[in-house]
Each structure stands twice: as structure tokens, then as C-alpha cells.
Amino acid sequence: MTRNIDRKSIDLSNINRRRFVQGVSSTVGVSGLGVSGLGKASAEGAREYIGVSYDTRTHITQRKCTASLNYKPDGRLSGILKIAGYNIPVGSDGRIKPNSSSDMWSYWIEKEEEKFQEDDQKLQIRLNFDGDRMVGWMTRPTPKFAKLSFSMNAVDRGATMDKIESALNPKDLSKFDKNPTIPQKGIPTETSIQNMRVKPDKSENYLKKRGGE
């Protein structure tokens with residue numbers, strides 16, 4: 001099931017092209033809305049994308065991800081996302097409002113079919129897309145599962161997995177209570193709110209309570 005966040009019609013000519021520093025939920029930094037990317041899509045059919053999926057909290061890389069998408073300037077989208085070992089069909093109708101922080105089309109996708117489930121939990125996806133680039137995350141609606149981010153750019157613009165991966169900002173793993181393992185397929189669990197906690201800040205007050213270290 002794919003749902004549009006907002007069906008309000010907008011005029012693309014009024015959208016400013018600006019630098020989009022960071023995507024939702026700690027995704028890789030990319031440029032803002034590519035109006036030319038949206039404009040050329042319908043005549044050329046499906047467009048290919050490549051990138052990487054990675055753990056949102058730690059930025060540990062999971063694996064390569066790809067997509068093949070048809071889209072229209074009014075935000076209609078259809079195709080296949082290949083992320084985290086899943087082949088995920090997507091489709092949308094109507095017009096949608098760009099994400100307020102990035103000027104990218106914003107989609108909310110839920111997959112309830114058994115092949116997408118784990119522990120009887122559906123797959124949820126936030127996808128932000130401007131024709132040339134996409135960023136987003138995947139998770140399941142329970143604290144057991146973390147968020148898995150992804151970032152992809154159009155192959156015809158020179159994108160490669162290595163280029164996308166090199167843009168990730170590594171996180172300081174020493175602040176967490178353990179070094180997590182990120183699975184090659186599916187949504188991480190070791191970095192979820194339930195399973196991965198930040199170490200206490202060893203401030204002066206903390207050390208006094210512990211008797212000093």
C-alpha cells in the first residue's frame with residue numbers, strides 16, 4: 001500500500017532550487033530539487049538508480065541498493081526499489097507536496113504482504129525523491145527494529161555505490177554500549193532503541209556517584 005502525504009497541487013515553477021544539506025533521519029547529504037530531472041522523466045520511461053543502505057544510528061553500510069522508477073512532474077511514481085534484500089513495488093497517484101525541509105517529493109509506503117514481514121510486523125518506508133536523487137529510511141512499527149537509511153542517485157548522472165558510500169559521515173561507536181552487527185538483509189535490530197543504548201556521560205557528577213574512576 002502506498003499513500004501520498006499530501007494531494008495538494010503545486011506549481012513546480014515556484015519551487016526554489018537550493019542546496020539540500022541533509023535528508024530525513026540522518027540520510028546522506030544531497031542537492032535540492034532537480035527540476036530538470038523531473039521534467040525529462042516521462043519521455044524516457046524507467047530511470048535507474050544506485051546507492052547504498054546503511055544503519056541510521058551508526059552509518060555502518062549494509063549493502064548496495066538499486067531502483068528502477070517511472071515518474072511524472074506532478075509526483076506520480078511507480079517502479080521497483082531493491083533495498084535490504086527486498087524487491088519492493090511502489091506506485092502513487094495524484095499530486096503531492098514537497099517535503100518542507102528539502103523540496104523533495106515525500107511518500108509513505110507500507111508493505112503488509114507476508115514476504116515483507118518479520119515477527120508479524122509490516123515494512124514501513126519513508127521515501128523522499130526529486131527525480132535525480134532519493135533518500136529515506138525503512139523500519140517496522142516496534143521498538144525491536146531500528147531504522148535503515150538509504151540513499152540513491154541516478155545512474156545516468158554518474159552515480160555509483162562507492163560514490164554514495166564515501167559521502168557517509170562515520171559515527172563515533174565508542175559512545176554506544178556495544179559494537180553492533182548490521183545484517184546484510186532486512187532491518188537492523190541491534191541498533192534499535194530497545195537494544196542499543198548510549199553509554200552514560202562520564203561527567204563530574206556521574207563520577208562522584210560512581211566513586212570516581
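Take every pair of alpha-carbon atoms less than 8 Å apart whose residues are at least six positions apart; their mean separation over the length of segment 44-200 yields a relative contact order of 25 percent. For GLU48, the solvent-accessible surface with a 1.4 Å probe is about 90 Å², rounded to the nearest 10. Please work out how much accessible surface LYS163 shows to a 1.4 Å probe, ignoring ligands, DNA and RNA, in Å² rounded to 10. Using a 1.4 Å probe on the heavy atoms, I get roughly 120 Å². Applying 0.36 nm per residue to the separation of LYS175 and LYS72 and subtracting their alpha-carbon distance, the gain on full extension is 32.7 nm.
Given a 1.4 Å probe and heavy atoms of the protein chains only, how would you sort ARG157, ARG126, ARG63, largest accessible area at the top?
Working: ARG157 140, ARG126 55, ARG63 85 Å².
Accessible-area ranking of ARG157, ARG126, ARG63, largest first: ARG157, ARG63, ARG126.
Applying both filters, DSSP loop and at most 11 other Cβ atoms within 10 Å, to the chymotrypsin sites (Phe, Trp or Tyr not before Pro) of segment 136-177 eliminates every site.
Between amide H atoms placed 1.01 Å from N, distances below 5 Å from CYS65 occur with GLY51, VAL52, SER53, all of them 5 or more places distant or on a separate chain. Extending 7 Å from the Cα toward the beta-carbon at both ASP162 and GLN194 defines two label points whose distance is 4.0 nm.
The lysine pair tally for segment 47-169, using Cα distances under 26 Å and a gap of 8 or more places or different chains, is 29.
VAL155 contributes an accessible area of around 70 Å² to the protein surface, as traced by a 1.4 Å probe with all chains present.
The values are calculated or read from the model by the stated rules, or taken from the named source; none is laboratory data. Because the structure is predicted, anything quoted here is derived from the model rather than measured. In this analysis, Cβ positions are derived from the backbone assuming ideal geometry, glycine residues included, and neighbour counts consider all displayed protein chains. When the accessible area is computed, the model is the full protein with side chains, heavy atoms only, and any ligands, DNA or RNA have been set aside. Shrake-Rupley method; radii C 1.70, N 1.55, O 1.52, S 1.80 Å.
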